[in-house]
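Each remark here refers to the structure printed beneath this line.
The values are calculated or read from the model by the stated rules, or taken from the named source; none is laboratory data. Just so we're clear, the structure is a prediction, and the values are computed from it rather than from any experiment. So basically every Cβ, Gly included, is an ideal-geometry build from the backbone, and we count neighbours across all protein chains shown. Ligands, DNA and RNA are excluded from the accessible area calculation, which covers all protein heavy atoms including side chains. Shrake-Rupley method; radii C 1.70, N 1.55, O 1.52, S 1.80 Å.
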Amino acid sequence: MSNKKKKKLTPVQQQYHSFSKAREPQRPVLLNVVRAFLAGGTICLLGQFIQDFFLWNFNFTEKTAGDPTVAVLILLSVILTASGVYDHIAQWSGAGTAVPVTGFANSIASAAIEHRSEGFVLGVGASMFQLAGSVIVFGVFAAFVVALIKTTLALLGGS
Amino acid sequence: MLRGRQTWVFPNRPTIISTATVGGPFEAEGPLAEDFDLLHGDLWLGQDSYEKAEKKMLEVACEMAVQKAGLQKQDIQFFLSGDLMNQIISSSFTARTLAVPYLGLYGACSSSMESLTLGSLIVDSGSGNYVLCGTSSHNAAAEKQYRYPTEYGSQKPPTAQWTVTGAGVALLGSKGEGPKVTSATIGRVVDMGVTDPFNMGSAMAPAAVDTITAHFRDLRISPRDYDLIATGDLGRVGHRIAVDLLKKHGLEIPEDRFTDCGILIYNQDQPVVLAGGSGCGCSATVAYGHILNRMKKGELKKVLIVATGALLSPLSYQQKESIPCIAHAVSIEYDH
């Protein structure tokens, strides 16, 4: 907890925070980092195999092979989510499965499955992006800002 | 009858004439599986939504409790119930099926003992002969409402708890055979500024300690008067904090007499449960199933159930509010 937040607490609450912190199990950060590295690395390695598969067997360039590769990874992630396996893998691997595109696909698929009981319009359609929505909003906005900077630099005589 | 500041003593000793507990697949894998009246292998219970599945569990538990007592639905005067769903739909929809005069309660996971306390008050005062007190929770329905979609892959910290899928119902009567409710302590809301909903144990422990100390102060008794004191759903993290906090307050409870329903209900090697069980169904199923069964076997004579509740909402958490917590204690005695 940050110091700013702590200042709002009464002395009794602050005392309790240090009392309880001493008795709580900590997140195993080092272990989580190693697991995230292994899981994330495995997913990327798998992606590389899929990309090579498209490069060798079909008429793709290194640039265009990216799209079908991502599509296959998304499909795999959605299948694992729908069969109820993905969340167990994620509990083990943490950021390893959350950061790659598989995590993004999982956040959309899981929300869509979860809200199927409220119907297609008010449930699936309306709730599908409850987690992914902020990624899309801020992702698009960040891309816009970067594009704006790049264009401005180009106009000012950059390459 | 008021004793001390916040404790009711019930001189007419309302009787728990029957109980019924229903559990889900994870509870079936736990060490207390034998103590459930009915276990379901499927989270859906043949319904088309988790919310409906929770309602179904509570309905079945109510029916079973009434049936076990050899009564009819019409014999029940009041139904008191609460749950975790928005607008307590599980309880209200069950009341619709039961068609019994109903009071809906909300005390988060403390609803189990809140309903038992108020039910005992009704029976003790002669305002009703048969009162049904129930509560339920469903893991997936609670996750959906309070946290993320069930299949969403997020990593939970070791302090997180697992919401119990279960419903527990107790039928109180003014006379008859069975365990007696002798006193109850109503808790205050305690907020120690904990904001992490994945750390409910340490948020709720101070509320449990506050109610336990109030109970012993009001009744002028000591923890040694009880064979077992069980908190509702502090889990392993909250239980450890509660033990040390009580010690700090000069109230030492012998280790073998102090436990937590959230620890009892699952095996430690069930990986998904992390720090233990939580939810309304946790204290209700363990108290009305396991603990009362032990009392009936004569292993325990006097127990104190302290159901703990975290009174947060998903909105209050998003608005960075801390978690207010509460605990209600009910004393149950059984003389053979």
Checking B:Ala141 against (1) part of a helix (DSSP H, G or I); (2) under 18 Å from B:Ile305 (Cβ atoms): exactly one of these is not met. Which one? (2)
Test set (1) modelled with pLDDT under 95; (2) among the charged types (D, E, K, R); (3) open to solvent by less than 90 Å² (accessible area, probe 1.4 Å) - A:Arg35 fails condition number: (1)
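B:Ser115 - would you say it is within 12 Å of B:Ser81 (Cβ to Cβ) and within 12 Å of the chain's Cα centre (by Cα)?
Working: within 12 Å of B:Ser81 (Cβ to Cβ): yes; within 12 Å of the chain's Cα centre (by Cα): yes.
Yes: the conditions hold for B:Ser115.
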Taking the stated definitions as given, is B:Gly178 buried (at least 24 other Cβ atoms within 10 Å of the Cβ) and in a loop (DSSP other than H, G, I, E, B)? no
Got a number for residues in segment B:159-183 being more than 15 Å from B:Asp335 (Cα to Cα) and away from every other protein chain (no Cβ under 14 Å)? 13
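So which of B:Lys302, B:Lys296 is charged (D, E, K, R) and out of contact with any helix residue (DSSP H, G or I) (no Cβ under 9 Å at 6 or more places or on another chain)? Explain how you work it out, then say what you get.
On the way: B:Lys302 fails: out of contact with any helix residue (DSSP H, G or I) (no Cβ under 9 Å at 6 or more places or on another chain).
Residue meeting the stated conditions: B:Lys296.
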I want to confirm something. Restricting to segment B:233-254 and keeping residues that are assigned to a loop (DSSP other than H, G, I, E, B) and in contact (Cβ under 8 Å) with a residue 24 or more places away in the chain, which single residue is farthest from the other protein chains (Cβ to nearest Cβ)? B:Pro254
Take the conditions of a type in the set (Ser, Thr, Tyr) and crowded, with 24+ Cβ neighbours inside 10 Å and apply them to B:Ser125. Does it pass? no
Criterion violated by A:Ala112 - all others in (1) under 27 Å from B:Gln145 (Cα atoms); (2) surrounded by fewer than 14 Cβ atoms within 10 Å (Cβ to Cβ) satisfied: (2)
Residue that is nearest to the other protein chains (Cβ to nearest Cβ), among those in segment A:57-103 that are surrounded by fewer than 14 Cβ atoms within 10 Å (Cβ to Cβ) and of a type in the set (Asp, Glu): A:Asp67
Name every residue in segment B:268-284 that is open to solvent by 10 Å² or more (accessible area, probe 1.4 Å), away from chain A (no Cβ under 13 Å) and not in a loop (DSSP other than H, G, I, E, B), in order of residue number. B:Ser278
